[in-house]
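Below is one structure, written out as structure tokens; the observations come after it.
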Amino acid sequence: MGKGFCYDAKLVLSALHSLRIDLHSHSTYSDGVLTPTALIQRASRNRVDLLALTDHDEVGGVAEAAAAARAAGIGFVAGVEVSVTWAGLTLHVLGLGIDPRNAQLSSGLAGIRKSRAVRAVQIARQLGASGIADSLDGASRFAGDAAAIGRGHFARFLVHQGHAADTKNAFKKYLVPGKCGYVAHQWASLGQAIGWIRNAGGHAVLAHPDQYRLVPLKMQALLDDFKQQGGQALEISGGLRANPMSQIRAAKYFGFSLSAGSDFHTAAHGSADLGDIPAIPEGARRLWQDADMFPSAV
Ligand code: AMP
Ligand code: MN
Ligand code: MN
Ligand code: MN
């Protein structure tokens, strides 16, 4: 081979087959139904090349997932999904490529989990007042780690007890604003979440922006604030049929890169599976390329 004819193995590989990434998923360490190992095995079966584990306010599953990913030969990104209160709304900020042992991040997340436990007692009290007894014990049985207890575990308990047909229905009937099991809660501030993530070496990504149902002016205010406080990327989510155009346009305007993830929780029919992300047009800035998240083996 002549001098000067050198090439990047990763570029050649990505040209040979389009790499399948998924930078948003949950395990039994928060409200997902698969253990970190089972999650990685499913990702591998789905031919995902790069997976991030992003449990809610929790990094306990990262070590197990990283080991399973090494064994399965797929790329892995250590992540977390931080719960945030911004202008009275609940938002989620993903931290991708974090050091899970970082002290500032760990203590910030521990604080949120403590407040999750307090909220769970309040949720159970309100459900009790509406005639649904013992929901704290019931929901805890569905939570792998009681400290990470969330509405998803209450939803499973409600389905198990016959109060709802499925978890979606349980949310709708009991766990969303205006319903008897909903408790308004103060999570981390946007600045805290981004600060912890960046301090831990991670990239801060606004998760599923279209789930917040914000009017355009409010969305613009959020993206301005997210940018100003150090946010780096917007997520494209919503499964294979989602239309990523509004995120692509907003990212270009505000100078964000794009991330993409399925937000996988369960293999139940109708939810996005691992690797289910829409096609992203050429030319859009991809966080996983900008931040060089692919290990050289992939
Ligand atoms: P939490 O952080 O405990 O308030 O729970 C938030 C999680 O609940 C989200 O990450 C979703 O997994 C789930 N969730 C929120 N809203 C709904 C909904 N309307 N239907 C089904 N699941 C939902
Ligand atoms: Mn969830
Ligand atoms: Mn979320
Ligand atoms: Mn999520």
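The values are calculated or read from the model by the stated rules, or taken from the named source; none is laboratory data. All values derive from a computational prediction rather than experimental measurement. Glycine gets a Cβ as well: all are built from the backbone with ideal geometry, and neighbour counts include every protein chain shown.
Among the conditions (1) in contact with a helix residue (DSSP H, G or I) (Cβ under 8 Å, 6 or more places away or on another chain); (2) at pLDDT 95 or above; (3) surrounded by fewer than 17 Cβ atoms within 10 Å (Cβ to Cβ), Q228 misses just one, which is (1).
Considering (1) part of a helix (DSSP H, G or I); (2) assigned by TED's automatic domain parsing to the domain that holds S130; (3) not polar (S, T, N, Q), the lone condition that H163 does not fulfil carries the number (1).
For the stretch 57-86, a tally of residues being away from ligand 3 (no atom under 14 Å from the Cβ) and closer than 21 Å to R151 by Cβ returns 3. In the stretch 112-141, of all residues being closer than 15 Å to D55 by Cα and not β-branched (V, I, T), the one that is nearest to ligand 2 (Cβ to nearest atom) corresponds to R116.
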